[in-house]
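Working notes for the structure below.
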Amino acid sequence: MKPVSYLLFLALILLVSPIHGVDTVTMQGRINWNGSDTSEVWIGVFDLPIRTGAEALSWTYIESSEFDLTVPDRDEVQLVVLCQDFMYYLKTVYPRSTNKQFDLQLARGITLEGTVLSTDKIPVADAVLTLVREDLPRVRIPEEYVFSWVSDADGRFKIGGLTPYFDYEVHVEVPYAYRENETFSVEVEESDIQDRDLRLFNAYFVLGRVLDEDHASVQDATVQFTAERPDGAEGSSTTTSNSNGEFKLGPFERATEISLSAAHEELGSSSEVQTTPGEHDVELVLESLVHVFGTVIDHATGKPIDDFTLIAIASHDSRPYSYSEAKGEISSKVDRETIGLIVDSADHTAYFLVDVDLQSVDEYDMGVIELLQGRQLTGRVYDVSSGQPVVGAWVSLEDYELNLQEKDSHWIGLLHGYLSNSAQSITDEEGAYKLVSLPARPTNISIFAVEYGRKVLQVDETVTVLDVPLEREFASARIRGEVVASTGEPVGGYVTFRSEMGSLSIGVGSDGKFDRAFSVGEYDIYAETDQGTSPKVQVVLEEDEIQEVTLVLESQGLLTGVIEGLADGETISLTIFSERDQIDVRSAHGLGNGGFTVKGTGFGDFKLTAESSRNRKQVKSFEVSTGVGEAHVVLYFAGQSRLYGSLRYPDGTVLKGKVRAEAQDSGKTSGSAEIDDDGTIEIDGLEDGDYKVIIFESKRLTMNTPDGGSRYTESIRPIEEVEVEVRSDTELNIQLTLPSDPD
């Protein structure tokens with residue numbers, strides 16, 4: 001059975017309904033496929049005469065050429081036979097006759113075959129083609145019964161069972177292609193086989209090769225890409241280079257922004273390359289590995305540590321190097337893109353070396369690394385009321401003291417995550433846990449369990465055994481109420497609860513009612529619906545208290561406006577922020593040149609942020625008063641000025657990041673752009689005037705986890721800013737300040 005049909009079989013098996021309430025007869029059937037072989041046949045049993053929209057008495061899945069079929073004990077019934085690559089077949093059988101056998105003669109009909117192609121004429125493999133069968137009998141076919149085919153590795157497809165002189169619709173879906181599905185109209189003629197290639201619109205591939213430093217092809221290199229569409233949707237995945245070093249990605253929409261990099265375990269990794277769909281000669285050149293060496297010793301004894309792990313952290317990946325009986329010696333070849341190193345041992349606390357630069361060296365000496373002896377903490381987590389063990393509670397190190405500077409904030413999340421994974425335990429059936437490699441100082445330990453919440457305890461360095469009682473959080477404190485329009489009618493949407501611990505949004509049905517249990521504390525509550533947003537309501541929730549809240553929508557208030565000056569294909573997203581309630585009250589997306597209307601803003605002072613798909617932005621303030629009830633804004637994006645230039649360090653290296661030009665005059669257009677690989681920048685569509693140019697450094701760090709997943713953190717931090725007067729084409733060249741060496 002084909003994979004797609006097998007899935008359909010699993011979905012439909014629950015729909016096969018026996019015939020209830022009537023006497024039945026078992027008949028023997030036989031299928032003739034005219035020399036072909038298939039096993040994907042469904043037979044529906046209907047009363048005669050068949051009427052439009054009739055429901056089947058039963059549907060039966062047939063797996064062999066000879067089969068038994070249960071039918072009602074009647075003079076005659078009608079069979080409707082459906083088969084994936086054959087024309088439908090109607091057969092009248094006579095259950096009460098002495099002959100309980102019948103034959104089904106299936107005909108293949110017209111076959112449509114061809115190739116699914118991208119816009120740049122490259123075959124698309126694994127495309128799912130779904131046929132809309134308007135040529136079937138007008139009876140009720142199960143909705144889940146879909147006629148689908150999958151293109152092969154060469155993009156080829158073959159669809160059989162079509163009726164001559166009939167128009168069909170073929171829906172083409174390309175899984176994980178970051179683009180919309182397409183529909184093709186096909187008119188079938190009388191010839192037995194009809195050729196028709198299906199060429200997708202606005203669907204392009206990226207083709208390239210992975211090369212080593214000598215420009216020889218590299219097989220089995222991992223190519224990682226991140227694709228961001230104009231609407232902000234983003235996805236990432238990997239593929240592998242073939243024996244010729246070639247790789248293929250896509251298809252993508254033309255306006256998709258793609259970042260590529262390649263890595264090979266033995267040959268190194270490439271720099272990140274920015275490209276666009278339709279590029280067919282991308283080259284990812286691997287840079288050689290760097291020899292990292294050093295010595296690992298115990299801080300207290302000065303003796304070498306035999307068993308430890310070196311972890312090299314890069315933006316795209318992390319790799320562990322395990323050492324056993326190494327006599328304290330580190331010697332590993334690591335990726336040149338490595339920017340952080342961790343040395344860890346089971347009996348010691350981890351050592352971190354961040355902001356490592358291996359780009360211009362062939363060897364890197366880590367020196368002598370002294371690991372502090374770790375300590376062990378064991379104990380039991382139990383319910384304070386019953387004394388029973390709490391199974392599945394998470395116990396982990398909470399206080400890390402990483403001693404990182406503020407400028408190293410992009411490392412905080414990643415290293416905290418590493419320590420949480422290395423110093424954590426889940427309680428067993430006895431409620432027992434065990435933490436190892438804790439620092440030899442007072443630390444904070446976090447304990448979390450479902451229905452008990454989270455508890456943080458400070459543990460002195462002399463403590464080695466700690467039992468933890470937990471008190472169950474009973475759902476006795478609640479906030480409930482309803483969302484209503486200004487007329488008092490209930491309205492569905494979302495209700496958001498904000499506290500010091502964070503925020504939570506829940507869906508509300510058409511009756512407008514909500515009811516939720518919370519911990520004691522102070523909450524700001526508001527509703528967002530299609531009819532408007534409510535003002536915030538503040539609630540102080542005490543233990544065992546139920547607070548009743550009615551959120552009344554300010555569905556009045558109107559913002560009208562005009563957008564002018566957008567380029568072809570450029571769109572605008574609007575966000576309206578309430579200065580009074582400090583919340584986003586309304587939004588709109590995909591707007592083009594022309595007028596727009598946003599209803600239900602409410603009253604008060606607001607800030608409108610308009611961001612374009614070309615990274616241009618305007619911010620305007622407006623007021624909707626109770627007397628006037630509306631406001632009007634004009635968004636004019638017709639700026640023709642350009643800011644361009646280059647950003648480089650004194651040694652010629654290039655910063656990874658972005659640049660933002662913020663207009664100093666209210667209402668004028670701001671813009672941003674990524675820093676290109678050669679250090680150049682270009683921001684179009686600005687207006688003449690004064691701008692503050694902010695330069696941001698971007699870092700993305702990845703840590704692989706033992707379960708095969710990964711943890712990453714990405715940060716963007718400002719490092720420099722300058723004042724610039726933009727007039728027409730304005731050139732800006734900046735020599736960046738080199739970062740100071742870490743302490």
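The values are calculated or read from the model by the stated rules, or taken from the named source; none is laboratory data. These numbers come from a predicted model, not from an experiment. Here the Cβ positions follow ideal geometry from the backbone for every residue, glycine too, while neighbour counts run over all protein chains shown. These accessible areas exclude ligands, DNA and RNA; they are computed on the full protein's heavy atoms, side chains included. Shrake-Rupley method; radii C 1.70, N 1.55, O 1.52, S 1.80 Å.
Among the residues of the range 255-262, are any within 20 Å of Ser698 (Cβ to Cβ), open to solvent by less than 40 Å² (accessible area, probe 1.4 Å) and assigned to a loop (DSSP other than H, G, I, E, B)?
Yes, the conditions are met somewhere in the range 255-262.
Can you find, within the range 32-48, the residue that is surrounded by the fewest Cβ atoms within 10 Å (Cβ to Cβ) among those that are modelled with pLDDT of 90 or more, touching a Ser or Thr at 6+ places or on another chain (Cβ under 9 Å) and not small (Gly, Ala, Ser)?
The extreme case among them is Val45.
Please state which of the following conditions Lys617 fails to meet, knowing it meets all the rest: (1) over 30 Å from Gln531 (Cβ atoms); (2) within 29 Å of the chain's Cα centre (by Cα); (3) of a type in the set (D, E, K, R).
(1)
Can you pull out every residue in the range 141-160 that is open to solvent by 50 Å² or more (accessible area, probe 1.4 Å) and modelled with pLDDT of 85 or more?
Val150, Asp152, Ala153, Asp154, Arg156, Lys158
Restricting the range 351-380 to residues that are open to solvent by 60 Å² or more (accessible area, probe 1.4 Å) and in a strand (DSSP E or B), which is nearest to Thr443 (Cα to Cα)?
Gln376
For Thr275, state whether it is under 13 Å from Leu207 (Cα atoms), among the hydroxyl-bearing types (Ser, Thr, Tyr) and at pLDDT 90 or above.
The answer is yes for Thr275.
Which members of the range 493-521 meet the condition of being within 18 Å of Asp584 (Cα to Cα) and out of contact with any Leu (no Cβ under 6 Å at 6 or more places or on another chain)?
Gly493, Tyr494, Val495, Thr496, Arg498, Ser499, Gly502, Ser503, Leu504, Ser505, Ile506, Gly507
Looking at the range 538-569, which of its residues are modelled with pLDDT under 85 and crowded, with 16+ Cβ neighbours inside 10 Å?
Glu554, Ser555, Gln556, listed by residue number.
Please tell me if Gly627 is over 24 Å from Phe606 (Cβ atoms), free of Cβ contacts under 8 Å to residues at least 24 places away in the same chain and either open to solvent by 80 Å² or more (accessible area, probe 1.4 Å) or not aliphatic (A, V, I, L, M) (or both).
No, not satisfied.
Give the residue that is nearest to Val223 (Cα to Cα), with candidates limited to residues of the range 275-315 that are open to solvent by less than 10 Å² (accessible area, probe 1.4 Å) and either among the small types (Gly, Ala, Ser) or more than 31 Å from the chain's Cα centre (by Cα) (or both).
Only one residue tops the list, namely Ala314.
If I filter the range 323-341 down to residues being of a type in the set (Asp, Glu) and open to solvent by 70 Å² or more (accessible area, probe 1.4 Å), which single residue comes out as nearest to Tyr364 (Cα to Cα)?
Looking at residues that are of a type in the set (Asp, Glu) and open to solvent by 70 Å² or more (accessible area, probe 1.4 Å), I get Glu329.
So in the range 84-113, with the set limited to residues that are open to solvent by less than 50 Å² (accessible area, probe 1.4 Å) and charged (D, E, K, R), which one is modelled with the highest pLDDT?
Glu113
Looking for whichever is under 19 Å from Gly29 (Cα atoms) and either open to solvent by 50 Å² or more (accessible area, probe 1.4 Å) or among the β-branched types (Val, Ile, Thr) (or both) here; the options are Val132, Val128, Val116, Val81. Which one fits?
Residue meeting the stated conditions: Val81.
When the range 321-340 is examined, which residues are found to be over 36 Å from the mean Cα position of the chain (by Cα), polar (S, T, N, Q) and part of a loop (DSSP other than H, G, I, E, B)?
Selection gives Ser324 alone.
Please name all residue pairs, on different chains or six or more residues apart, with Cβ atoms under 9 Å, provided the first residue is in the range 334-354 and is more than 24 Å from Lys434 (Cα to Cα) and among the polar types (S, T, N, Q) and the second residue is open to solvent by 30 Å² or more (accessible area, probe 1.4 Å) and not in a loop (DSSP other than H, G, I, E, B).
Thr338/Arg319; Thr338/Tyr364
Looking at (1) in a strand (DSSP E or B); (2) surrounded by 17 or more Cβ atoms within 10 Å (Cβ to Cβ), which one does Arg454 not meet, given that it meets all the others?
(2)
So Asn421 fits all but one of (1) buried (at least 16 other Cβ atoms within 10 Å of the Cβ); (2) assigned to a helix (DSSP H, G or I); (3) not aromatic (Phe, Trp, Tyr); what number is the exception?
Unmet for Asn421, out of (1) buried (at least 16 other Cβ atoms within 10 Å of the Cβ); (2) assigned to a helix (DSSP H, G or I); (3) not aromatic (Phe, Trp, Tyr): (1).
With the structure loaded, tell me whether Ile525 is open to solvent by less than 80 Å² (accessible area, probe 1.4 Å), closer than 18 Å to Lys620 by Cα, out of contact with any helix residue (DSSP H, G or I) (no Cβ under 6 Å at 6 or more places or on another chain) and of a type in the set (Val, Ile, Thr) or whether it fails that test.
No: the conditions fail for Ile525.
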